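Bear in mind that the values in this text are calculations on the coordinates, not laboratory data. Predicted, not measured: the structure shown is a model, and the values here were computed from it. As a convention, Cβ positions derive from the backbone with ideal geometry for all residues, glycine included, and neighbour counts pool all protein chains shown.
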Amino acid sequence: MICPVEGAVPRKPVLIVLGSDSDLPVAKGCTALLRELGVGYHLTISSAHRTPERTAMIAREASSLGFSVIIAFAGAAAALPGVIAAHTSLPVIGVPISGRALSGLDALLSMVQMPGGVPVGVVGVDNGKNAALLALRILALHPEYGWISSRLEEYAKEQAAAVEDKARALEEGGGV
Ligand code: RP5
């Protein structure tokens, strides 16, 4: 079996795996930010439960294919990031999806309650943006991706300026 992500173009440091195509709307917050900051990613779908072999193969091959960090989105009994983390030593970030039932608490607990020895860094429910930012902070530690640090600093300045603009508009408008 050929690894499903083997065709991924080198120099794409982020691998994003969705448990289902139904997770795509949430993943867009993550991919939009990676694009905005100019960092390449490869996006695929693989389920820990429905395609366990595909998931294991992707996780095992990710490092040798040049990826430096993996982001996994999953809802419900969200085993995906944990299973990936079990097959790689790359950092794995899990994004719990709120989905239809339990408002994502099921996915959040599935991801955050990994057994000791197999770490998954978990961001908030549906928070693909923070997954992207955390992945970028990890990448910025690599000498090769050091340029990401200045992009992150610019991003933080823009974010702060946006809050200041809103505060000014609120104060000048006389409040509520
Ligand atoms: C999880 O089950 C997926 O990550 C998705 O969030 C959820 C529901 O999947 P679908 O039934 O919509 O394919 O594995």
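What would the Debye equation give as log₁₀ I(q)/I(0) for segment 76-176 at q = 0.20, 0.23 Å⁻¹, counting only Cα atoms as equal point scatterers?
-0.97, -1.09
Which of the aspartates and glutamates could be linked to residue 166 by a straight reach, that is with a Cα gap under 16 Å, when you skip same-chain ones fewer than 8 residues away?
158
Using only Cα atoms and rounding to the nearest 10 degrees, what angle (0 to 90) does helix 24-36 make with the longest principal axis of the chain?
Result, in degrees: 70.
Going by Cα centres, segment 69-108 and segment 109-150 are how many Å apart?
After rounding, the separation between the Cα centres reads 12 Å.
May I ask which residue of 49, 130, 74 lies farthest towards the positive end of the charge dipole of the chain, with charges of +1 (Lys, Arg) and -1 (Asp, Glu) on Cβ and the Cα centre as origin?
Result: 49, furthest along the dipole toward the positive end.
Above 25 Å lies some portion of the pair distances; for the chain, what is it as a whole percent of all C-alpha pairs? Each step should come with its number before you reach the end.
On the way: 5360 of 15400 pairs.
Within the chain, distances greater than 25 Å cover 35 percent of Cα pairs.
What is the helix-to-structure angle for 52-61, meaning the angle in degrees between its Cα long axis and the longest Cα principal axis of the chain, kept from 0 to 90 and rounded to the nearest 10?
70 degrees
Under 29 Å Cα to Cα from residue 12, which lysines show up? Leave out anything in the same chain fewer than 8 places away.
Straight-line reach from residue 12, under 29 Å: 28, 129, 157.
Measuring from the lowest to the highest alpha carbon on each principal axis, how far does segment 38-129 reach, largest first, in angstroms?
Result, largest extent first: 37, 31, 25 Å.
Of 86, 113, 139, which is farthest towards the positive pole of the chain's charge dipole, taken about the Cα centre with +1 and -1 on the beta-carbons of Lys, Arg and Asp, Glu respectively?
The one lying farthest along the dipole's positive direction is 86.
Given 0.36 nm per residue, what is the gain on full extension from residue 158 to residue 11 after removing their alpha carbon distance, in nm? Walk me through the numbers before you get to the answer.
Details: separation 147, 0.36 × 147 = 52.92 nm, distance 2.69 nm.
Length gained between residue 158 and residue 11: 50.2 nm.
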